[in-house]
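The values are calculated or read from the model by the stated rules, or taken from the named source; none is laboratory data. Computed from a predicted structure; not experimentally measured. For neighbour counting, all protein chains shown are included, and Cβ atoms are generated from backbone atoms with ideal geometry for every residue, glycine included. Note: accessible area is taken over every heavy atom of the protein model, side chains too, but ligands, DNA and RNA are not part of it. Shrake-Rupley method; radii C 1.70, N 1.55, O 1.52, S 1.80 Å.
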Amino acid sequence: MPFQFRKLDIAGVILVEPQRFRDERGFFMETYKRSEFEANGIPGPFVQDNHAHSVRGVLRGLHYQKHPQAQGKLLQAVRGEVFDVAVDMRRGSPAYGQWVGVVLSAENGRMLYVPAGFAHGYCILSEQADLTYKATAEYAPELERGIVWSDPAIGIEWPVADPILSPKDQQLPLLADADNNFVFDADETIDLKGKTVLPGMINAHAHLYS
């Protein structure tokens, strides 16, 4: 199988590790295969691809789109290194307000799937970084919302103390004041059994693993 799929501590958030086939020329890897992704909890369909370039210390987020254009995102760093975070915003969820974070880099090749119902953000750990991602809904500026990166009620352990923020991101509200129409599906459960802890992973419950 060209991919390994690892469920993280909040149901629906999935870390994907592609297999790289290396030889003296370099490497080849698949980055998306609909049948395998759907079979492992990443349904799609993906309808828009995005590419963001940033420099060290930049923090983008925390962003989301409301229903009916809520977005699931499949993210990958194709240059440099980023710390990527998902925050559960589904009202009624046992994990509401909790977060998970992982390091994505061009070197490790990992991808993170963040489903609809979550806010997403990331900060740049390398001199420069390029993050690409697929989205399950097209960008709809009238439905774009966010929460402030430093909300103490969430308590994300960002690896930057004084990030570079856009004026818009500086003005985002706290989670408690956010415009949010996500509701937890009672059929979903928090997956704490059989969890895998990887180097560079940060987790919503114990927070830091090295």
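Numbers for the structure displayed
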{"read-out": "Any hit, segment 49-59, residues being open to solvent by 70 Å² or more (accessible area, probe 1.4 Å), touching a Lys or Arg at 6+ places or on another chain (Cβ under 7 Å) and either more than 20 Å from residue 109 (Cα to Cα) or part of a strand (DSSP E or B) (or both)", "value": "yes"}
{"read-out": "Candidates 71, 128, 76 - the one that is open to solvent by 10 Å² or more (accessible area, probe 1.4 Å) and touching a Gly at 6+ places or on another chain (Cβ under 7 Å)", "value": "128"}
{"read-out": "Pairs where the first residue, in segment 132-143, is more than 12 Å from residue 50 (Cα to Cα) and the second is open to solvent by less than 40 Å² (accessible area, probe 1.4 Å), C-beta under 7 Å, 6+ apart", "value": "140/65; 143/65; 143/66"}
{"read-out": "Matching residues in segment 57-108 - criterion: being among the small types (Gly, Ala, Ser) and under 23 Å from residue 178 (Cβ atoms)", "value": "61, 70, 72, 86, 92, 93, 95, 97, 101"}
{"read-out": "Any hit, segment 187-197, residues being open to solvent by 50 Å² or more (accessible area, probe 1.4 Å), modelled with pLDDT under 95, touching a strand residue (DSSP E or B) at 6+ places or on another chain (Cβ under 9 Å) and at negative phi", "value": "yes"}
{"read-out": "Members of segment 131-178 that are in contact with a helix residue (DSSP H, G or I) (Cβ under 8 Å, 6 or more places away or on another chain) and either open to solvent by 90 Å² or more (accessible area, probe 1.4 Å) or more than 22 Å from residue 105 (Cα to Cα) (or both)", "value": "146, 147, 148, 151, 153, 154"}
{"read-out": "Inter-residue pairs, beta-carbon under 7 Å, first over 20 Å from residue 127 (Cβ atoms) and in segment 64-80, second among the hydrophobic types (A, V, I, L, M, F, W, C) and open to solvent by 20 Å² or more (accessible area, probe 1.4 Å), 6+ apart", "value": "65/143; 66/143; 69/143; 70/116; 71/116; 72/116; 74/46"}
